[in-house]
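Here's the structure, in structure tokens; my notes come after.
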Amino acid sequence: MTEIKKNKKPWPTRQAMQQIYELNLWGDNGGSFYSGAGSHSLHIVKPYMNSVSSFLKSLDKPIDICDLGCGDFNIGKELSHLCKSYTAIDIVPELIEHNKKQFKASNVSFQCLDIAKDQLPHADGVILRQVLQHLSNHEIAQIVKKLYAYNYIILTEHVPSGDFVPNLDIISGQGIRIKKNSGVNLLAAPFHLKIKSHTLLAQTQLQNNKGVITTVLYEMN
């Protein structure tokens, strides 16, 4: 009798992300929470910090920023002083409680939200740094609907070097689309994000042909 192979059932995204931190699937720096090389490698972090800081400083006055997927806040703590307010959001409750204890500033607040399902705070702009690459197309589509409430989107994604097929679907979790020679492109199908303009802020080539970390500023209509 032939056994029928069942399709893999995805975990709820919150549980998948909790497991990543519990099992140190993105690495371990000896602390309780570690968001991986994308948040700590100077090769990746330095060009990102320089470009985003320059953009924030170029504005007439500090703006309210909402960081959707703040992780261990190694990046956010370096940007928050350039903002009027900085609301840092993550889906992992234990991580948010840890961040609340570790990082205290009068203009910084932390919230535990599922950015695909929950209502997002008001702000002038949002930061989405290597977050969407871990999510299914269904969840990304739910988030895209909410991005029209903001004036600026600073989007960072890990994508293949050279040409690739955008937005092949995955199950939300630790992995990203790069193994399928794919990456997130919000301007392409099925998302078709409508923008006023876009500016490439930073682009970092990873070693051993492991792709590119690209940061783009979208100004919204």
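Since every read-out is calculated from the coordinates, none of them should be taken as a lab result. This structure is a prediction, so every number in the text was calculated from the model and none was measured. Cβ sites come from the backbone with ideal geometry, for glycine too, and all protein chains shown count toward neighbours.
Return the aspartates and glutamates within reach of Lys46: Cα separation strictly under 14 angstrom, same-chain partners fewer than 8 residues apart disregarded; answer none if there are no such residues.
Within the straight-line cut-off, Lys46 pairs with Glu78.
Limiting things to C-alpha atoms, what are the Rg and the maximum Cα-Cα separation (Dmax) for the stretch 88-143, in angstroms?
Cα radius of gyration and Dmax of the stretch 88-143 are 12.3, 36 Å respectively.
What are the extents of the Cα atoms of the chain along their three principal axes, listed from largest to smallest and rounded to whole Å?
Extents along the principal axes: 70, 38, 37 Å.
How big is the antiparallel share of DSSP beta bridges in the chain, given as a percent to the nearest 5?
Here the share of antiparallel DSSP bridges comes out near 45 percent.
Taking neighbour Cβ counts within 10 Å as the exposure measure, how do Asp124, Asp118 sort from fewest upward?
Going from sparsest to densest Cβ surroundings: Asp118, Asp124.
For Asn221, what charge total do you get from the other residues with a beta carbon under 11 Å from its beta carbon, if Lys and Arg give +1 and Asp and Glu give -1?
That works out to +1.
Between Asn208 and Ser41, take the C-beta separation as r, use R0 = 22 Å, and let me know the FRET efficiency to the nearest 0.05.
Rounded to the nearest 0.05, the efficiency is 0.95.
Using R₀ = 35 Å, calculate the FRET efficiency as 1/(1 + (r/R₀)^6) where r is the Cβ-Cβ separation of Glu94 and Ala141; round to 0.05.
Plugging the Cβ-Cβ distance into 1/(1 + (r/R0)^6) gives 0.80.
In nm, what is the difference between 0.36 nm times the number of residues separating Gln19 and Ser53 and their Cα-Cα distance?
9.1 nm
Calculate how steeply helix 42-58 sits against the longest principal axis of the alpha-carbon atoms of the chain, using the helix alpha-carbon long axis, and give the answer as 0 to 90 degrees to the nearest 10.
40 degrees
How far apart, in nm, are two points set 7 Å out from the Cα along the Cα-to-Cβ line at Ala189 and at Asp60?
Result: 4.1 nm between the two label points.
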